[in-house]
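The values are calculated or read from the model by the stated rules, or taken from the named source; none is laboratory data. Nothing here was measured: the structure is a model prediction, and the numbers come from that model. Neighbour counts run over all protein chains shown; Cβ positions are idealised from the backbone, glycine included.
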Number of protein chains: 2
Amino acid sequence: MENFQPLLDYINRIVQLSEAEEKQLVSHISYRRLRKGQYFLQQGDICKFSGFIVSGCTKTFYVDNEGQEHVIMFSVEDWWTSDMGSYIAQKPADYNVQCLENTELIQFSYEEQDIMMREIPKLERFFRIIIEKAFVASQKRIVRNFSMSAKDRYLYFSSQYPQMEQRIPQYLIASYLGITKEFLSKIKRQLLTDQ
Amino acid sequence: MENFQPLLDYINRIVQLSEAEEKQLVSHISYRRLRKGQYFLQQGDICKFSGFIVSGCTKTFYVDNEGQEHVIMFSVEDWWTSDMGSYIAQKPADYNVQCLENTELIQFSYEEQDIMMREIPKLERFFRIIIEKAFVASQKRIVRNFSMSAKDRYLYFSSQYPQMEQRIPQYLIASYLGITKEFLSKIKRQLLTDQ
DNA sequence: CGTCTATTTGAATGTACTCAAAAGCGGTGG
DNA sequence: CCACCGCTTTTGAGTACATTCAAATAGACG
């Protein structure tokens, strides 16, 4: 039932853990099942956990002063989800994380993660490396948002994450791309009509 | 002449290095002076160094297919500069880093940094922590770009970085904000006229 | 003073948004 | 099996925010 293997595989692709270290790691983490619609984190709460998704899908979103939702990211199998800013500072979260599907994930609590990183230096290294990658991806997204039109951003998204386009409603993809659902609909029509 | 103190202070605010560790660190890094206009990194080259700025200012920018420049970030005293994506993967850089002023910085080479992190676990921890913060800042910028108008982004920038507004030409700030220089000029006029 | 660069201005244009309404679609119950 | 409900997607008209292009103005520096 509790399947820690995807996480261990993921980690071992970056640093090589001994069997003892794997056991130690597993003793510090927990498995969790959430149903579609449930929240992993709510804006204003302190993000106590960071999650590695075994199956399912979440959206991370922000509700602005006008009540507008802005999707910041989607997370699927083998991805992480949390509000990093809230997690590392243990301050109230800016974002919500909600399940778009029934989701199984592996949780790291802030305290336990810190203990683990001190006990297992390879894990400190592991987390440094994955956060570096996340930062690079985030910067690239900023560049895309500046240098590409909405149409090109959509084409990029659907070519990079074809599996996501299947399982995520279009109005959420529009929000992720930073455009309205109506405009994304018009972009798709134009792409069909054009060629 | 070679002033490593700002870096040591910066590191010691996050992890506490012993004197021996400080000496070891200093033996792995180098000091560099660049004049206004010089490049710290050019698009297409492999980013061999990451830099901590002691004095001066750099811009990191991207030239797109149409030849348009897009400023991604500015770096001033006590900030880092590099193309992280190129640095961690040792692949050709997407971005340029050029000095807007005469600049003094402390360089970390990719190889030496890796050696240091293995020799001094506290440094591995240090880099994890600062990259986490950079990632959070990057995500927040994505959210601002989506949820704020150009005018509000400008107001945010000038309130957050008043010292930068003084020393950086307006057309570069416009590029950083993702708008044209003409439009930023109009925003500023409107702000003056309004109240 | 002249030159080069940066900033401002204005008119025309384009990209994306708002609002309102209609159409599509998947499930549920009569 | 069809009718209805809720939710998602589409459509269209009008609008707003930001861009392009061209030209004028302002500033900095030798």
Worksheet item: Can B:Ser149 be described as modelled with pLDDT of 95 or more, within 12 Å of DNA strand C (Cβ to nearest atom), polar (S, T, N, Q) and surrounded by fewer than 14 Cβ atoms within 10 Å (Cβ to Cβ)?
Response: yes
Worksheet item: How many residues does the stretch A:162-182 hold that are within 8 Å of DNA strand D (Cβ to nearest atom) and more than 16 Å from the chain's Cα centre (by Cα)?
Response: 6
Worksheet item: Quick one: is A:Pro162 assigned by TED's automatic domain parsing to the domain that holds A:Cys57, surrounded by fewer than 17 Cβ atoms within 10 Å (Cβ to Cβ) and away from DNA strand C (no atom under 16 Å from the Cβ)?
Response: no
Discussion item. Restricting to the stretch B:27-50, give me the number of residues that are loosely packed, with under 13 Cβ neighbours inside 10 Å and hydroxyl-bearing (Ser, Thr, Tyr).
Written reply: 1
Fill in: Condition met for A:Ile142 (within 16 Å of DNA strand D (Cβ to nearest atom) and crowded, with 17+ Cβ neighbours inside 10 Å)
yes
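For (1) touching a residue at least 60 places away in the same chain (Cβ under 8 Å); (2) of a type outside the set (D, E, K, R); (3) assigned to a strand (DSSP E or B), each residue gets a yes or a no:
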residue	(1), (2), (3)
A:His70	yes, yes, yes
A:Gly85	no, yes, no
A:Glu101	yes, no, no
A:Glu112	yes, no, no
A:Met116	yes, yes, no
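Quick one: which helices (runs of 4 or more DSSP H) lie wholly within the stretch B:125-195 and hold at least 2 residues that are basic (Lys, Arg) and away from every other protein chain (no Cβ under 14 Å)?
B:181-194
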Discussion item. Checking A:Phe126 against (1) among the hydrophobic types (A, V, I, L, M, F, W, C); (2) away from DNA strand D (no atom under 11 Å from the Cβ); (3) in contact with a Cys (Cβ under 9 Å, 6 or more places away or on another chain), only one condition comes out false. Which one?
Written reply: (3)
Worksheet item: Taking the stretch B:29-68 only, how many residues are assigned to a loop (DSSP other than H, G, I, E, B) and within 14 Å of another protein chain (Cβ to nearest Cβ)?
Response: 7
